[in-house]
């Protein structure tokens, strides 16, 4: 009897010789708009092994507008995004918080996210063979940027105004409560994210990251471990400096821009954390040939596959060529199908 998708992912996370690398395709609305048939064909021919659970909220937050359509949208925290390109997400141009003490009342903490219908979540999990990730994703650093603006937030991280520290503590309690709620359901894994890297380095000093944000992530990891859940993290950019910390915390899988950092530089962490993709979406997916895509997959496999420890994941985003996205999954199948069986 062949392993289910759920089993394949667990075997991969634990480097237990899965029969193939599990798959997951991320699609931006841009891909559906411009290459809908190609997206459908890829999903048909390479079915995903990881599924995100819908929120199944009993109450909706106050956010409104479509963040992937041109115009203005507002998230559930009250941040206003401006978008000029259909199919991607815009930016916050006017942060909600100018002063933490004076403007705290303008922030809506989305308590509606805590109205999860656990029974519907559990039914969703029971009705799929996929490995299911929770329908929530704490992102403290990014949400702070949306609320405050990146430049002013960086100053806050250094000067620590009282109002900022108070909100940071409240936001962390909110996110922990949310993860604890999802940890009581039947999902297989919890997830969090923060884009920490520029093209060449971490966005803040690693010592500051370790002082302020690593303790938050440690709490997330403890919640996951306490409930027997796997923990997944996403972070764009050059994040090599904090990989030892993520391994120490017990993060099971990291979605990161491995080509931005140099695949060979991540080899010391192979077998210690699972590389949840990806194949370079800055240059390879939009510009390379399928043969070059296959070579990129082979490079990841050579440096990072250790009887598991890699998930065949990529993002079909703006500019990506359909034939290159397809080749990512075909190449992973050629390299791993039946090898660990």
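Coordinate-derived values only; no laboratory data. These numbers were taken from a predicted model, which means no experiment stands behind them. Methodologically, a virtual Cβ is constructed for each residue, glycine included, from the backbone with ideal geometry; neighbour enumeration extends over all protein chains shown.
I need the fraction of alpha carbon pairs in region 1-43 separated by more than 17 Å, rounded to a whole percent.
That fraction is 47 percent.
Express as a percent, rounded to the nearest 5, the fraction of DSSP beta bridges in region 186-341 (both residues included) that run antiparallel.
Expressed as a percentage, antiparallel bridges in region 186-341 total about 5.
Checking a compactness column here: for region 14-115, what do you get for Rg(Cα) / (2.2 N^0.38 Å), N being the number of residues?
Rounded to two decimals, the normalised Rg is 1.47.
Find the centroid of the Cα atoms in region 119-152 and in region 171-207, then give the distance between the two in whole Å.
9 Å
What is the order of 229, 93, 272, fewest Cβ neighbours within 10 Å to most?
93, 272, 229
Semi-axes of the chain's equivalent ellipsoid from the Cα gyration tensor, sqrt of 5 times each eigenvalue, largest first, rounded to whole Å?
Ellipsoid semi-axes (Å, largest first): 32, 22, 22.
Classify region 135-248: rounded, prolate or oblate, from the alpha-carbon gyration tensor (a ≥ b ≥ c, eigenvalue square roots; a/c under 1.5 rounded; otherwise prolate if a/b is larger than b/c)?
oblate
Could you give the C-alpha radius of gyration of region 44-85 expressed as a fraction of 2.2 N^0.38 Å, taking N as the number of residues it contains?
Scaled against compact globular proteins, the figure is 1.62.
Want the number for residue 267 to residue 115: 0.36 nm per residue separation, take away the alpha-carbon distance, what's left?
50.6 nm
Would you mind telling me the antiparallel percentage of the DSSP bridges in the chain, rounded to 5? Before the final figure, lay out the partial values.
Values: 9 of 32 bridges.
Roughly 30 percent of the beta bridges in the chain run antiparallel, per DSSP.
Evaluate Rg over Rh across region 57-209, taking Cα atoms for both radii and Kirkwood's formula for Rh.
Ratio of gyration radius to Kirkwood radius for region 57-209: 0.99.
Please compute the Cα-Cα pair-distance distribution of region 127-178 with 10 Å bins starting at 0, giving whole percents from short to long.
With a bin width of 10 Å, the distribution comes to 21, 44, 19, 11, 5.
Using only the Cα atoms of region 256-309, what do you get for the radius of gyration and for Dmax, in Å?
Here Rg and the maximum Cα pair distance are 10.9, 32 Å.
Within 10 Å of each residue's Cβ, count the other Cβ atoms and sort 73, 2 from fewest upward. Don't skip to the end; give the middle numbers.
On the way: 73 18, 2 7.
Arranged by neighbour count, lowest to highest, 73, 2 become 2, 73.
When the convex hull of the Cα atoms of region 99-164 is projected onto a plane and the area is averaged over all directions, what value comes out in nm²?
6.2 nm²
What is the log10 of I(q)/I(0) for region 160-315, computed with the Debye formula using one identical point scatterer on each Cα and no solvent, at q = 0.12, 0.21 Å⁻¹?
-0.56, -1.36
For residue 88 and residue 16 in the same chain, what is the full-extension length gain: residue separation times 0.36 nm, less their Cα-Cα distance, in nm?
The span from residue 88 to residue 16 would gain 22.2 nm if fully extended.
In square nanometres and to one decimal, what's the mean projected area of the convex hull around the Cα atoms of region 66-144?
7.1 nm²
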